[in-house]
Each structure stands twice: as C-alpha cells, then as structure tokens.
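The values are calculated or read from the model by the stated rules, or taken from the named source; none is laboratory data. Owing to the predicted nature of the structure, the values given are computational and were not obtained by experimental measurement. Backbone-built Cβ (ideal geometry, glycine too); neighbour counts: all protein chains shown. To get the accessible areas, we keep the full protein, side chains included, count just its heavy atoms, and leave off ligands, DNA and RNA. Shrake-Rupley method; radii C 1.70, N 1.55, O 1.52, S 1.80 Å.
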Amino acid sequence: MATSAAFKNLQPVPVTEIPRLSPAEFRRAMVEDAEAGRRIVLFFGDREPAGVTLTAVLADDDRSRLFAASTCVGSEARYPAITPDVPAFHLFEREVYEEFGLEPVGHPWLKPVRRGIAGINPAEAPTAFFRMEGDEVHEVGVGPIHAGVIEPGHFRFSCQGEDVHHLEIQLGFQHRGVENLFLRRRDHPAFLLRLAESIAGDSVIGHAGAFAGATEALGRILPARRALMIRVIAQELERIGIHLGDLAALAGDVAYLTGQSVYGALRTKIINTTLALCGSRFGRGLIAVGGVRFDVTPEGRAAVRSVLEEVEEGARLASAVLFGSGSVLARFEKAGIVYPETARQIGLVGPAARASGLARDVRSDHPYGGYAYFPVHKMTLTSGDVFARAYIRSVEIAQSIRLVREQIDLLPEGDLLHPPGPPAAGHLVVSLAEGWRGEIAHAAVTDDEGRLKRYKIKDPSFHNWFGLAMAVRKNGISDFPICNKSFNLSYCGFDL
Amino acid sequence: MLDLLKLRKRHGRPVIKDLRRAEVKAPFRGFPLLREGACPDGCDQCLRACPTGALSIRPLRLDLGACLFCGDCETACPAGMVRSTPAHRLGASKRETLRIGPGETAASFAAKAIGSRREIRRLFGRSLKLRQVSAAGCNGCEMELGACGNVNFDMGRFGVDFVASPRHADGLVLTGPISRNMSPALKDAYRSLGTPRVVVAAGACAIHGGLFAESVDLDRSFLAETPIDLFVPGCPPHPLTFIRAVLDFLGR
C-alpha cells in the first residue's frame, strides 16, 4: 500500500484517498520521504471526533508532484517526533503542539510558537528562552517593538563579546487569529478574499492569488488565460517592487545613502504602476475569485512598458554601483552565511534558498496559473551570505522585468471573470505560489457539504525565520541588521 | 565613479515639490461619494459585499474608519449609490466625522474634518516626532508610513519624523487591530511618551478593527483608555493621506 497520495499543485484530492497511517508508520514514511529528497510543504492538524488528524504535504520538486499522508492521534495526545530526523519539521511540530496539545515525543526544543510570550497573558504559562552558560556569556534582548517603522517580534541573542553564539527568535506578537477567521466567515467569500490580502500586506498578490487558486480549484474552474496573465504581471510587479525596497534598505543599513535613495525612488515608480493598474500600490482589489477585477488597457500596457524600461536601466546602473563598491562589499560578503546543507535541512525557500544554492522556485517546480504557460528559469548563487541574498534580488529584478515585458505584449483576449462552481465536498486542495519571499502554501479542506472545515496558511517566513537564526551565528551582533534585512521576513505572515 | 555620476544624474530630484497640491490619480480609491435618494426596494447587495460592515442603508451611511476602500460595494450596487473618487484627504480629528452620508463631498469633508488646536500648533507646529507602534498590522500601513519619509514624500521637511524611542517622541502612531500579545507593549510605549502627547490611529484595523474586528485574539482596551487625536483611514492609508492629515492637524 502506498504511504501517500500523489497529486499536483491545485489538484483537489478526495480526503478519503489520503492514506491514514499509524503514528509510527507515519513517522517512518516522513523520514524515508525526506531521505528520498522530498521536502516538507505543510504539516497541520484538524480536530475530529476520533482525535486529531495530522496531515503532511511533501513536495518532489524535480517531478512537480505533491504527496499527502495522514495519521490520527487519539486521546493519548502524543506521537513520536519527526524533527530529530527531519529538522524542517521543527516549527510545524511546535505549532501542532500549541494548537492541539499533541506532544511530539523527543522534540529537541518543544515550546509554543505564538503563546506564552514573556508572561504577557496570565492564562498562558511563560516559556523559557534558550540559555547559554559561561562567565563571559551575556544576553541582548530586542523587541517586541523595534527601532524602525516595522512589525514587532522579540530577538534574544546569546553573545560572547561581540559575537553571537545563538539567537532565539520569539514571534507571536502579531497573532490575529487569521486561520480561525477563515472558518468563522467561510460563508462570506468576499470577506475571505480581503482577509487573504491581509495575511501579509507586502504579499497581497501572493496570498490572495493562492487563496483564489485554491477556491477556483475546489470550484472546478480555471480563469481565462488573460486573467491569469494579469495575475502574473501583478505578482512580478510585487516582486520587483519589494526587491527594490529591500536593496534600498540593505544599502541604508550599511550607510550607503545613494543606494537607499535611488532604489527607493525606483520602488515608488513600480508600486505606483501597480496603483495605475488596480487602484492600490500593493495590488489590493486586483484579484477576484475566478479572475481579476481590472483589465490591462492599451494605455496601461504602454505605461507599464515605459516605467519598466526606466526602472530596468536605473536598477542596472544602481546595482553596478552598489555591488561595485568596496565599502558595501566589505559588509555584505561573508556576513550571515547559511550553508547549502543547512539550508536544505531546515527547508529554506525563495530567494534565501536560491542564494544558498537550492534551486527552488514554485513558478517552475510546481507551475500554476499563468506560470504554466511559459518557463521561468531558476537562478541560484552558492555563497549563502548577505551578498548572495542581496545580489540574487538584483538578478531577479532584471528577470521579472523581462517576464512582465514579454507577457504584457502577449496578453491573450479573454474574459476577466469566471464564477466558480460549488466547491467539491470532502476534498483537500493545496495551492502553492511563489511570492517574492518564496513558497506560499494554502491548504483548504472541505467537509461533506463542500464547506471549509480547515484552512491552513503557510507564509514562506515560517521556514525562513530559522534561517536567520542560523545566519547570525558566529557573526558580530552589529551585523544583525543586514542579516535581518537580507531575509526581510514577515511577522504577521508567520504569526497569522 | 562614472557610473555613480550617471546614476546620480538619472536619479534627479524625485521629491514631490508641493505636497499640498499633489493628487493621487484614479483608479486610486479615495473618498467615496454617496448618492442622495432611496436605495432600490429590498436591495442589500452592498451590505453583503462589504467585508467590514462599514456600510448601513436606509439611511445610507458609510464609516470611513472601517472602510477598506476595496470598492466591492460600488461593484455590487445596482443603482450606483456609491462612487469612489481619488480624493485622498481622509483624515479626521473626531471618530464621528468619519461616518459620512449622502451629499458629503471630498471638499466639504476635508474642509471640516480636522480641527487644529492652538496648543498643538504652538507645541508641535514646527517639530513633531512620532513613535510608530505596529500592533498586529499586516505591514501594509507600516510600509506606507515608512514611505512618508522616503525621497519622494520627504515628510521630514516639515519637521515630522518617525523616531526610534518613545522617550524621544511627542506622539504615537498606532497601526493594526491590536493583538492580545501586543497590547501590553503598546500601553508601555504610550506611557513612555512625555506629555502633552498626541495619538494617531492609522488604517482601518487601528481605527475599527477592520477585517479582524471579530477576532477573539485582539485586546483593544488601549483605545478605550486613550484619547485619539487623529484618525487616518485607509487600507493602508496612502502616504499623502497621512502627511496631509498630520499637516492639517498641525495647522500648516
């Protein structure tokens, strides 16, 4: 008997076809799959009469296949932890522990993810931070409120002198109960779409697109190709805009103000172009379930083309100057290294993974929507340092500009909206999208009447925050800001 | 070096020279106009389309504080009772002012929405330092507030800046619906400000709870305990909306 059901991105599978293994078999299957090169995409629980059903979704990126397996943990409320053999399960098992009280026996660092933070809530037992012992060890605590206009989180550094030995990242301050709201308001689709846009306000197209994709797949429709291509254009503009902003922030953090100003001004041009297309600088309101709400007019196309031309030349020149500057390279190179083997073990995704030599990109590994119609070349660097994570952004900006230019000229005629049919009952659908940070995964499970019974969201940050913790080890604490910005992770996307 | 000079020349001066005259172009969804007259009998399309319950009908009213400016009501209404305009001046000093009805225009709203107190003008008119606190904001408001200080908008030219410590700040800018887990830190930050102090609530989440208003993971007690001086609607508010509201508040 197969230990998992095989399917593709956006292909609904009947829940009954997902093998239900015993906890011991489930663990063995996960470890064997990981050894065979499959990568964890999602691991989530769902409360049912017999206990808690745990479902894992793994990916075989080379063959564009996803695999799902499940197990049920009953009143014993414990199961053998998978993390000791597959470290990428680390946070997923903690999340399940927090939500359902299931103890993964043998987990190396079992504590809640979003609760029990520094004694904030009297109803929750505070959880301890990792502690290093030694005469010269000192701790630096930062946050939840940080120095800039950014989201909150707490960083606890264990340092010896200037060097960071360990960083524990405690998030959860942003927890708004997003997944819970998806279920409570499941009969109000307009609400859910807007909610998806607000999972992470910097990845509006990424998350709204993943939600729309899942809903369309359950409703057995595919939007017209014109609508899919408009989504591609918006997604690539989102990527270009944020990458430009990230390069501005990185330049600013090493006091290279020319870079900060120039990239910042280029970013403004891009997000104002998104506004010209749909009325919002972040693409809010563009995506609809079944397609898009705004067309690209001939004038719109001309405007996008002219802005892209300007930004392409500006970004090329800015990158030549930034990455040609000795004082910048002295800060970026060999700072915050994540080695390829570490990146693979902890399951990094997105540009951070590609900067550490992992060729992972949902657009080509698990093509979806408009990306099914043309190839996206995967580009990697191997040094895994701040330089690589910065440089890969400049490479991706150029690539995305080319993609938008090509696709906007080839926009096929077609309708903008196709209303989906009633959602398939008793199905699981996994919707993967390559946001600018990496793999966004949404999983929707429907009940016998086709209503949502579980909605699981994974922002790429859920994998990558641990990458930041690895990156700063053995670095001076003063390099933390550039390490952090080189990842630019989402707090609210993680906290949900 | 040559590239650097070329880059500098290309960059030019991207700053918006006169922020008070700057306008945001359509299809930006700013101030919505509500039409006078009766809604079609039995119709509640807009109520069903609105994700945050910002609308009420018979009589037709819209709460700009709860509005996401998504335009879903405009699309849904068969009678054209709601029409978006790109007008970006949306700030108000009183919560009630944000509840608009038919006949209100962008100009009539902007003319009365923000009152500038003499004490505020005297103390902060030439320098206002703000500490921003994101309390479960999705990073939309945070990015737009961050953009207020960039080379295009350059809010700093008016002496208005975001600073790192609440001890250095004259006011607090709140974003996000206020999660339970951020509530204590937000109150700490507020208490760390000197007096007199101002509080600005920016974005639908901060003002009303927005999409998260019904969530059980929020603790919005801060708002009940704290007087709010300025409300800046939007999801997120455009940088010009924020800057213009602050300037009006400072009487500049």
- Query: Among all residue pairs at least 6 apart or on different chains, which show Cβ distances below 6 Å where the first residue, located in the stretch A:482-496, is at pLDDT 95 or above and the second is of a type in the set (D, E, K, R) and assigned to a helix (DSSP H, G or I)?
  - Reply: A:ILE482/A:ASP253; A:LYS485/A:ASP253; A:SER486/A:ARG389; A:ASN488/A:ASP246; A:LEU496/A:GLU179
- Could you list, in sequence order, the residues of the stretch A:115-146 that are within 26 Å of A:ALA249 (Cβ to Cβ) and modelled with pLDDT of 90 or more? A:VAL140, A:GLY141, A:VAL142, A:PRO144, A:ILE145, A:HIS146
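Consider A:LEU428 carefully, then state whether it is surrounded by 24 or more Cβ atoms within 10 Å (Cβ to Cβ) and in contact with a His (Cβ under 7 Å, 6 or more places away or on another chain).
Taking the combined requirement at face value, the residue does not satisfy it.
For residues that are within 14 Å of chain B (Cβ to nearest Cβ) and farther than 15 Å from B:GLY176 by Cβ, scanning just the stretch A:156-180, find the one that is surrounded by the most Cβ atoms within 10 Å (Cβ to Cβ).
A:GLN170
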- Item | Options B:PHE69, B:PHE28: the member that is at positive phi, surrounded by 15 or more Cβ atoms within 10 Å (Cβ to Cβ) and within 10 Å of chain A (Cβ to nearest Cβ) | B:PHE69
- Task: Go over the candidates B:ALA189, B:ALA164 one by one and state the one that is within 12 Å of chain A (Cβ to nearest Cβ), surrounded by fewer than 24 Cβ atoms within 10 Å (Cβ to Cβ), more than 25 Å from A:ARG114 (Cα to Cα) and hydrophobic (A, V, I, L, M, F, W, C).
- Result: B:ALA164
- Specify the residue that is farthest from A:LYS453 (Cα to Cα); the eligible residues are those in the stretch A:186-218 that are more than 8 Å from chain B (Cβ to nearest Cβ) and assigned to a loop (DSSP other than H, G, I, E, B). A:SER203
- Considering only residues of the stretch B:1-39 that are over 22 Å from the mean Cα position of the chain (by Cα), aliphatic (A, V, I, L, M) and not in a helix (DSSP H, G or I), which is modelled with the lowest pLDDT? B:MET1
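Here's the yes/no breakdown for (1) surrounded by fewer than 24 Cβ atoms within 10 Å (Cβ to Cβ); (2) more than 20 Å from the chain's Cα centre (by Cα); (3) not in a helix (DSSP H, G or I):
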{"residue": "A:VAL262", "(1), (2), (3)": "no, yes, no"}
{"residue": "A:ALA265", "(1), (2), (3)": "yes, yes, no"}
{"residue": "A:ILE270", "(1), (2), (3)": "no, yes, no"}
{"residue": "A:VAL296", "(1), (2), (3)": "yes, yes, yes"}
- Item | Selection count, the stretch B:124-161, where residues are at the interface with chain A (Cβ under 9 Å from one of its Cβ atoms) and farther than 15 Å from B:ALA202 by Cβ | 3
- Any idea which residue in the stretch B:40-81 is farthest from the chain's Cα centre (by Cα), counting only those that are among the small types (Gly, Ala, Ser) and in a loop (DSSP other than H, G, I, E, B)? B:GLY42
- Residue in the stretch B:37-57 that is of a type in the set (Asp, Glu) and either free of Cβ contacts under 8 Å to residues at least 24 places away in the same chain or within 12 Å of another protein chain (Cβ to nearest Cβ) (or both) present: yes
- Counting only strands (runs of 3 or more DSSP E) wholly inside the stretch A:349-460, the ones holding at least 3 residues that are under 24 Å from A:GLY259 (Cα atoms) and free of Cβ contacts under 8 Å to residues at least 60 places away in the same chain are none
- Item | Answer from A:LEU91, A:LEU110 - the residue that is open to solvent by less than 70 Å² (accessible area, probe 1.4 Å), touching a residue at least 40 places away in the same chain (Cβ under 8 Å) and not aromatic (Phe, Trp, Tyr) | A:LEU91
- For residues that are touching a Gly at 6+ places or on another chain (Cβ under 6 Å), crowded, with 23+ Cβ neighbours inside 10 Å and not hydrophobic (A, V, I, L, M, F, W, C), tally how many sit in the stretch A:314-352. 1
- Do we have A:GLY493 as surrounded by fewer than 21 Cβ atoms within 10 Å (Cβ to Cβ) and in contact with a Pro (Cβ under 8 Å, 6 or more places away or on another chain) here? no
- Quick one: would you say B:PRO86 is touching a Lys or Arg at 6+ places or on another chain (Cβ under 7 Å), part of a loop (DSSP other than H, G, I, E, B), away from every other protein chain (no Cβ under 14 Å) and not acidic (Asp, Glu)? no
- Quickly run through the stretch A:127-148 and pick out the residues that are hydrophobic (A, V, I, L, M, F, W, C) and assigned to a loop (DSSP other than H, G, I, E, B). A:ALA128, A:PHE129, A:PHE130, A:MET132, A:ILE145, A:ALA147
- Task: With the condition kept exactly as written, say whether any residue in the stretch A:31-42 is touching a helix residue (DSSP H, G or I) at 6+ places or on another chain (Cβ under 7 Å) and within 28 Å of A:GLY116 (Cα to Cα).
- Result: yes
